[in-house]
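Asks: After the structure tokens below, expect a handful of questions from me.
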Amino acid sequence: MSSTSSGPGALLRLVFYAAAIVMALLHVFVTFRGLSSAEGMNQAQLARQIARTGSYQTHVIEPYAWSQMEAAQKPPSPLAMPETVQPPLQPLLWSVAFRFMKRWEVYDPATGGAIFLLDRVIACFGVTWYLLTIFFTHGAARKLFDEQVASISAIALLVCEPAWELMVSGAPRALLVLLFALAFRLYASAAGRALDNRGMFVPLTLLGIVCSLMLLTHWMALWIVVGIVVGLAVFLPRGRAGALVVALPPVLTLAAWGWWNLQLCGDPLGGIKALFQAQSSAVAHDLLLRDFSPSVPLLQVDDLLRRVGLGWQDQLGLIMAHLGYAVPALLFFLALMHRFRKADAVSARWTLAVIFACVTIGMGLLGLAEKEKDDNALYIVLMPAMCTFGAAMLVVLWSRFQMSGDFMSRWGAPLVALLITALPMAVNLPVLMKFGLTMGGKIPPHWPPFLPERVSILRQIMDKHEFAISDAPAFIAWYGDVPCVDLCTQRGDYETMKSKAEAQGAKLAGFIMTPVSAKVERITDIYTGPYAEWRDLIVRGPMLAFDRDFSPSPEFPFKNLIPLVGQTVGDKEHLSLPMVFYTDKSRSVKK
């Protein structure tokens, strides 16, 4: 990827573009195992509902959002629940494609294969976002530095396997990566124009629009937007006025969304309120969403500070994993101590540092239960921009050594950094390619906890007026295509929800338990963890392997057990049932 238009430079560019396209095709059509992100599944089913009904309705019902609507005297039906939790941008984009694919909108492994066709469509969106991310990052790096730094940054993104996996997971962070790369490119353009004493209104206005889109992609992107606005005001020449220009579209967007939520549930924050409450208390976000009778968590400053400190300890200890093992991104912190000559590069660097600090605060307050795989882990969103400054630092440091040979003097250290970055790809991609090429559409899914082909039967054994309760509601709603309520924190609340649903003409079909609730560090955590009140349903299926039936309490009506997944345990034991449908009657497939 030379800066010249010579034959070798043009050939290298062609090789890079071909490699990027090949990588995209491999991750969509060879190694793809279906969606792995619960938030991605949630937004996928929402996109399908938008395409079907033309309204913003969801099949994933959070008890917290349901209780808000009940409190506002706007009782909903689980069969047509207004969405107040999920951001709308990615589902709206997907719904456009889904409108043209209504023939394949229902998952049927018998005719369509183990991999849901719409999952591949979503993966196509994701790799497209990543190819555009590489393009915008290369442009920003070339604007701030030179072609060599831009090439190192682009190659680092190309060989970053965790980033490719994120793009095909369905997670909203995939789109957020692209939007932040575009925001970084617009900031670089504005900084360059400020240096030349030219007007910045157009790039800053566009940057404000992109910030609005980031908020509509992921609510935790608010921390990124705050960092951008503060960085603009402090580090960009004439930046205070520019910060107002950038801040205005996000403020208007949030105001409009607040008005929309006010109409639906009587609270301008809607279901997003749980996200902010989780950041100001010691209660986990998913626990709040599962609570049908929520109380305002008390702010215990000492507990909060301790939780933030422990969160930072875990997150910064895993910072390499959070940054996708991209070595140039890690070197961004070293670049903070270097005096770059170009004023626009200095401005962009310090703004990026402020954004990273804001994201760190947000991640510490919220906590990342699934570490780098958590759907709220936003460090990787900053990784492409951080690679730019890390690559620049590599070039600067390596140039201090007097190495013989033109290639080694320019590419010695960058090549080592790129090889280390490519290590996860070198280890994992060949194995997945072997599976994909030999097994085709039968490549193993993300089990545990997700096995899509086993829940596709739900829509055939449940009536249209029925809904389910599950510890994996997004998974059930997307692949089973049935309304599903998140398993409530307090067991007694399910009776209340059941009666309120019946008043709206909906009937509870039963409970679907998956390995999601059984994922614990120690087996005793089942009795004390977030699903403690449902311990009998959690252990009943797996313990059947030892001919022990932990029957629910006598007053619990959903005692009939329909196995969804069975696994052999030893030679003489019965089947273990890690995924079970507990219902109140015998059911058969409807023709």
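Asks: Given the structure, is GLN73 buried (at least 21 other Cβ atoms within 10 Å of the Cβ), of a type in the set (S, T, N, Q) and either touching a residue at least 24 places away in the same chain (Cβ under 8 Å) or farther than 30 Å from ASP146 by Cβ (or both)?
Replies: On the way: buried (at least 21 other Cβ atoms within 10 Å of the Cβ): no; of a type in the set (S, T, N, Q): yes; either touching a residue at least 24 places away in the same chain (Cβ under 8 Å) or farther than 30 Å from ASP146 by Cβ (or both): yes.
When the stated conditions are applied, GLN73 does not pass them.
Asks: Answer with yes or no whether ARG103 is open to solvent by 10 Å² or more (accessible area, probe 1.4 Å), at pLDDT 95 or above and more than 18 Å from TYR494 (Cα to Cα). Even if it seems obvious, please write down each step before you answer.
Replies: Numbers: open to solvent by 10 Å² or more (accessible area, probe 1.4 Å): yes; at pLDDT 95 or above: no; more than 18 Å from TYR494 (Cα to Cα): yes.
In short, no.
Asks: Among the residues of segment 506-520, are any free of Cβ contacts under 8 Å to residues at least 60 places away in the same chain, surrounded by 17 or more Cβ atoms within 10 Å (Cβ to Cβ) and touching a Phe, Trp or Tyr at 6+ places or on another chain (Cβ under 7 Å)?
Replies: Keep residues of segment 506-520 that are free of Cβ contacts under 8 Å to residues at least 60 places away in the same chain, which gives 507-508, 517, 520.
Those left that are additionally surrounded by 17 or more Cβ atoms within 10 Å (Cβ to Cβ): 508, 517.
Subset that is touching a Phe, Trp or Tyr at 6+ places or on another chain (Cβ under 7 Å): 508, 517.
Scanning segment 506-520 turns up at least one residue that is free of Cβ contacts under 8 Å to residues at least 60 places away in the same chain, surrounded by 17 or more Cβ atoms within 10 Å (Cβ to Cβ) and touching a Phe, Trp or Tyr at 6+ places or on another chain (Cβ under 7 Å).
Asks: Considering segment 472-492 alone, what residues qualify as being open to solvent by 10 Å² or more (accessible area, probe 1.4 Å) and either modelled with pLDDT under 95 or among the aromatic types (Phe, Trp, Tyr) (or both)?
Replies: Hits for segment 472-492 are THR489, GLN490, ARG491, GLY492.
Asks: Moving to a separate point now. Looking only at residues that are at positive phi and either part of a loop (DSSP other than H, G, I, E, B) or in contact with a Gly (Cβ under 9 Å, 6 or more places away or on another chain) (or both) in segment 316-372, which one is surrounded by the most Cβ atoms within 10 Å (Cβ to Cβ)? Walk me through how you get there before you give the answer.
Replies: If we filter segment 316-372 for residues that are at positive phi, which is where we start, we get 324-325, 367, 371.
Now restrict to residues that are either part of a loop (DSSP other than H, G, I, E, B) or in contact with a Gly (Cβ under 9 Å, 6 or more places away or on another chain) (or both): 324-325, 367.
Numbers: GLY324: 24, TYR325: 22, GLY367: 19.
If we take residues in segment 316-372 being at positive phi and either part of a loop (DSSP other than H, G, I, E, B) or in contact with a Gly (Cβ under 9 Å, 6 or more places away or on another chain) (or both), then GLY324 is surrounded by the most Cβ atoms within 10 Å (Cβ to Cβ).
Asks: Here is a check on your reading of the model: is ALA114 surrounded by 15 or more Cβ atoms within 10 Å (Cβ to Cβ), small (Gly, Ala, Ser) and either under 25 Å from the mean Cα position of the chain (by Cα) or part of a helix (DSSP H, G or I) (or both)? I'd like the intermediate steps shown before the answer.
Replies: Working: surrounded by 15 or more Cβ atoms within 10 Å (Cβ to Cβ): yes; small (Gly, Ala, Ser): yes; either under 25 Å from the mean Cα position of the chain (by Cα) or part of a helix (DSSP H, G or I) (or both): yes.
So ALA114 passes the test.
Asks: Let me ask something additional. Scan segment 521-561 residue by residue and report those that are of a type in the set (A, V, I, L, M) and either open to solvent by 30 Å² or more (accessible area, probe 1.4 Å) or under 19 Å from ASP286 (Cβ atoms) (or both).
Replies: Filtering segment 521-561 down to residues of a type in the set (A, V, I, L, M) leaves 523, 526, 532, 537-539, 543-545, 561.
Within segment 521-561, ILE523, ILE526, ALA532, LEU537, ILE538, MET543, LEU544, LEU561 qualify.
Asks: Anything in segment 447-459 that is under 23 Å from GLN567 (Cβ atoms) and open to solvent by 50 Å² or more (accessible area, probe 1.4 Å)? List them, or say none.
Replies: First pass over segment 447-459, keeping only residues under 23 Å from GLN567 (Cβ atoms): 447-458.
The answer is TRP447, PRO448, GLU453, ARG454, ILE457.
Asks: A further question follows. With a cut-off of at least 2 residues that are of a type in the set (S, T, N, Q), name the helices (runs of 4 or more DSSP H) lying wholly within segment 2-98.
Replies: Hits in segment 2-98: 38-53, 63-71.
Asks: Does segment 526-536 contain any residue that is of a type in the set (Lys, Arg), within 29 Å of the chain's Cα centre (by Cα), modelled with pLDDT under 95 and part of a loop (DSSP other than H, G, I, E, B)? Spell out the reasoning first.
Replies: Step one: of segment 526-536, the residues of a type in the set (Lys, Arg) are 535.
Cutting the leftovers down to within 29 Å of the chain's Cα centre (by Cα) gives us 535.
Now restrict to residues that are modelled with pLDDT under 95: 535.
Now drop any that are not part of a loop (DSSP other than H, G, I, E, B), which leaves none.
No, every residue in segment 526-536 fails to be of a type in the set (Lys, Arg), within 29 Å of the chain's Cα centre (by Cα), modelled with pLDDT under 95 and part of a loop (DSSP other than H, G, I, E, B).
Asks: Then there's this: Of all residues in segment 539-591, which are of a type in the set (A, V, I, L, M), in contact with a strand residue (DSSP E or B) (Cβ under 7 Å, 6 or more places away or on another chain), more than 24 Å from LYS464 (Cβ to Cβ) and without any contact (Cβ under 8 Å) to a residue 60 or more places away in the chain?
Replies: Within segment 539-591, the first condition is being of a type in the set (A, V, I, L, M), and the residues that meet it are 539, 543-545, 561-562, 564-565, 569, 575, 577, 579-580, 589.
Right, trim to in contact with a strand residue (DSSP E or B) (Cβ under 7 Å, 6 or more places away or on another chain) and you get 544-545, 561-562, 564-565, 569, 575, 577, 579-580.
Remaining after also requiring more than 24 Å from LYS464 (Cβ to Cβ): 544-545, 565, 569, 575, 577.
Residues satisfying the conditions are LEU544, ALA545, VAL569, LEU575, LEU577.
The values are calculated or read from the model by the stated rules, or taken from the named source; none is laboratory data. Every value quoted in this text rests on a predicted model; they were computed, and no experiment measured them. Ideal geometry is used to build each Cβ from the backbone, glycine not excepted, and the neighbour counts take in all protein chains shown. Accessible surface is based on the protein model in full, side chains and every heavy atom, while ligands, DNA and RNA are left aside. Shrake-Rupley method; radii C 1.70, N 1.55, O 1.52, S 1.80 Å.
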